[in-house]
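Structure first, commentary second.
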Amino acid sequence: MTVNRPSPAPLDRSHTARGEAAAYGVHFQGRLHGALAHRLGVDILRGVYKPGEVLPNEIDSSSTLDISRSAYREAIRILAAKGMVESRPKAGTRVTARRRWNVLDPEVLGWMFETEPSEDFIKGLFELRLITEPAAAELAALRRTEDHLRIMDKALDLMQSETLATEAGRKADLDFHDALMHATHNEALASLSHSIGAAVAWSTRFKQRHQALTRDPVPDHRRVFDAIKRQDAGAARWCMESLIRMALEDTQRSMQTQYLEPRG
């Protein structure tokens, strides 16, 4: 059955979204085709195109969106690499089942936070952090170098002076978590740094979308750093777990505030 949808407006070629996303460690994979992949990805996450549905073909889409067919095909390749669509000869491009989507891809995480993610999804990200980051902090306490400590200390100073309400402060937060993951000297754990960093960045931005943070999280980070610096592995694990649990509480409080706000 054909689903009739309103024709979309010409694709916005603005670099605003890409510039803002880059501040959170997300890098779009091209120019026009990257912007189109972003647009289609967000539409899929919003349910405009549901799993099992076929996307508009490249001829119709390239005409409607005022883009070349090659740009459309490249956008579809980007989405396919993220597990969100699959293309078959004569069958078109179909949206895959949600369980196949690479939701830890930093770009997909960014798209997810444009769609008002569910509380279950938010909790799932924090559960992932609770599984990985306390263990990473414990290893970092045992294996860190002076260079790791220098990067983390500088990041904390910037977080304190710039605050997490600014791009500079949130970028410093990413630097802190990235240095911690690499201080484990565990290649497998370090490979999660971009995904963990994107989860940290987008959830931080998400909980400030309606009002400023009511609690300063920098002292929580400083306690993790101090434990790592003095090579107290047990304290580093405990402090990181505490940091993540309090961040989850802040995020849930933000979501509750949103739902309680009167609607005009």
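Assorted remarks:
- With both labels modelled 7 Å from their Cα along Cα-to-Cβ, the Glu119 to Thr163 distance reads 2.8 nm.
- Using a cut-off of 20 Å between Cα atoms, the listed pairs Lys154/Lys229; Lys50/Lys123; Lys50/Lys82 include Lys50/Lys123 as exceeding that distance.
- Residues of segment 124-174: accessible area per residue with a 1.4 Å probe, Å²: 47 Å²
- Net +/- balance of residues flanking Thr251 in space, Cβ distance below 15 Å, scoring K and R +1, D and E -1: +1
- Separation of the Thr214 and Glu146 label points, Cα + 7 Å toward Cβ, nm: 4.4 nm
- Accessible carbon and sulfur surface of segment 82-177 relative to its total accessible area, %, 1.4 Å: 50 percent
- Charge sum, other residues only, whose C-beta stays under 14 Å from Gln231's C-beta, Lys/Arg counted +1 and Asp/Glu -1: +1
- Heavy-atom SASA rank of Lys207, Lys50 (probe 1.4 Å, accessible area, largest first): Lys50, Lys207
- Gained length - Glu53 relative to Arg230, 0.36 nm times residue gap less alpha-carbon distance: 58.2 nm
- Per-residue HN-Hα couplings for segment 180-192 [Karplus 6.51, -1.76, 1.60; θ = phi - 60°; Hz; x = Gly/Pro]: 4, 5, 6, 5, 5, 6, 10, 4, 5, 5, 4, 5, 7
- Within segment 36-144, the trypsin sites (Lys or Arg not before Pro) that combine a DSSP coil assignment with at most 16 other C-beta atoms in a 10 angstrom radius are Lys90.
- Cα gyration tensor shape for segment 92-133, rounded if a/c is under 1.5, else prolate or oblate: prolate
The values are calculated or read from the model by the stated rules, or taken from the named source; none is laboratory data. These numbers come from a predicted model, not from an experiment. Glycine gets a Cβ as well: all are built from the backbone with ideal geometry, and neighbour counts include every protein chain shown. Calculation scope for accessible area: heavy atoms of the full protein, side chains included, ligands and nucleic acids excluded. Shrake-Rupley method; radii C 1.70, N 1.55, O 1.52, S 1.80 Å.
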